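See structure below.
The values are calculated or read from the model by the stated rules, or taken from the named source; none is laboratory data. Bear in mind the structure is a predicted one, so any value in this text is a computation, not a measurement. In this analysis, Cβ positions are derived from the backbone assuming ideal geometry, glycine residues included, and neighbour counts consider all displayed protein chains.
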Amino acid sequence: MPQNTLDGSPVFGEGGTVSTVGKAGGKSAYRMIDVGEKPVTRRICRATGSLLARPETLRRIERGELPKGNALALAEAAGIAAVKKTPDLLPLCHPLPVDAVSFRFMFEPHRLRVECEVVAHAKTGVEMEALSGVTACLLCVYDLVKGIDPALDLDEIRLIEKIGGKSGQWMHPRGEPHPESRKNPPTLQLPEAVVITLSDRCSRGEAEDTSGPALESLLISAGVSQVHRELLPDEPELLLSRLNTWIGKGSRLIVTTGGTGLGPRDHTPETLKRLKGRSIPGMGELMRSTGASSTPYAWLSRSEAVLIEKTLILALPGSRKGSVESLSAVLPLIGHTLEISSGGDHK
């Protein structure tokens, strides 16, 4: 007879077949996220954790004076092995081609702090690999130390920072910037930029503008000193007037969000054509291809980039997610575009 769960569902069917426990409507309760259409980017993740022990125990670890040998060397090897084995241990993690793994050991008065950094060129992040690495590293030290000091604690295992992918850089509130982040200057060095949200509903107060604030935050984090935001209805003449005003003031970067779809009042691309600037088709294609990694409907977007003398205008989708993805995709190109438009060279 098959065993039953508390609600009477069979754990094993007759003949040893697997039952539908953990399934909903006969479908699997779990799924591995499809990352096939996502672009490959450089991913960096750092995780940290600590082993709390007596000061004498920590001194013996640091000096390599443990009965079982050098704990740090073996712990580093264990951590590297755990990084490579992460997809075998966590069923929904994607197997990734890891480029590099490194560890740092820092001794403090009552703790050994370990940092694990994992680097990969992949379609998804390496957070779990970094966390697996630091955990295995600490457990290996624990195993070599428990014989002389059983009163040990593992503490503060967490992600510090991740770099790469559509989110760019994320850092734990208690984390420290990655050295690569500290040495690289912000993507943009602009005194100001303009963000214009185009939405009938938001302009009437019937909906909240979430795209404008998100784009402002992204631009400031990229190095723009000040962002001017405006909220307009989907009125071509009004948009044209405001664009001419900001161009006349010498603004180098104007970002619009909304009006790039196929709705009856989506006229942003047509309005930009009236400015008679130079279109940059590659930026529009890059924005669409990036968005298509999340939804095929991104191919219906008419996002584009236009250069009006020395002013770059980016027309982005109206949704918060679509606008942030689009701006993030072209952000590395903006500085060079503005430099070239001012007579700079291609260095």
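Tell me which residues, restricted to the range 243-272, are surrounded by fewer than 16 Cβ atoms within 10 Å (Cβ to Cβ) and assigned to a helix (DSSP H, G or I).
Correct list: N244, T245, G248, E270.
Given the criterion surrounded by fewer than 17 Cβ atoms within 10 Å (Cβ to Cβ), at pLDDT 90 or above and either in the same structural domain as E161 (by TED's automatic domain parsing) or over 23 Å from the mean Cα position of the chain (by Cα) (or both), identify the matching residue among R104, R46, R113, R60.
Among R104, R46, R113, R60, only R104 is surrounded by fewer than 17 Cβ atoms within 10 Å (Cβ to Cβ), at pLDDT 90 or above and either in the same structural domain as E161 (by TED's automatic domain parsing) or over 23 Å from the mean Cα position of the chain (by Cα) (or both).
Results for (1) outside the structural domain of S323 (by TED's automatic domain parsing); (2) farther than 23 Å from W170 by Cβ; (3) not basic (K, R), shown as yes or no for each residue.
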position	(1), (2), (3)
D200	no, yes, yes
V224	no, no, yes
H228	no, yes, yes
N244	no, yes, yes
T257	no, no, yes
R274	no, yes, no
M283	no, yes, yes
R288	no, yes, no
Y297	no, yes, yes
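Test A222 against the criterion of being of a type in the set (A, V, I, L, M) and crowded, with 20+ Cβ neighbours inside 10 Å, and give yes or no.
yes
Counting just the residues of the range 116-147 that are among the β-branched types (V, I, T) and closer than 15 Å to L90 by Cβ, which one comes out nearest to the chain's Cα centre (by Cα)?
Going through the qualifying residues, I end up with T124.
Checking the structure you have, find out if any residue of the range 124-144 is outside the structural domain of G223 (by TED's automatic domain parsing), at pLDDT below 90 and farther than 17 Å from I61 by Cα.
Yes, the range 124-144 contains at least one residue that is outside the structural domain of G223 (by TED's automatic domain parsing), at pLDDT below 90 and farther than 17 Å from I61 by Cα.
Identify, by number, the condition in (1) on the phi > 0 side of the Ramachandran plot; (2) crowded, with 17+ Cβ neighbours inside 10 Å that S319 doesn't meet.
Condition not satisfied by S319: (1).
Being at negative phi and not in a helix (DSSP H, G or I) is the requirement here; does A305 meet it?
Yes, satisfied.
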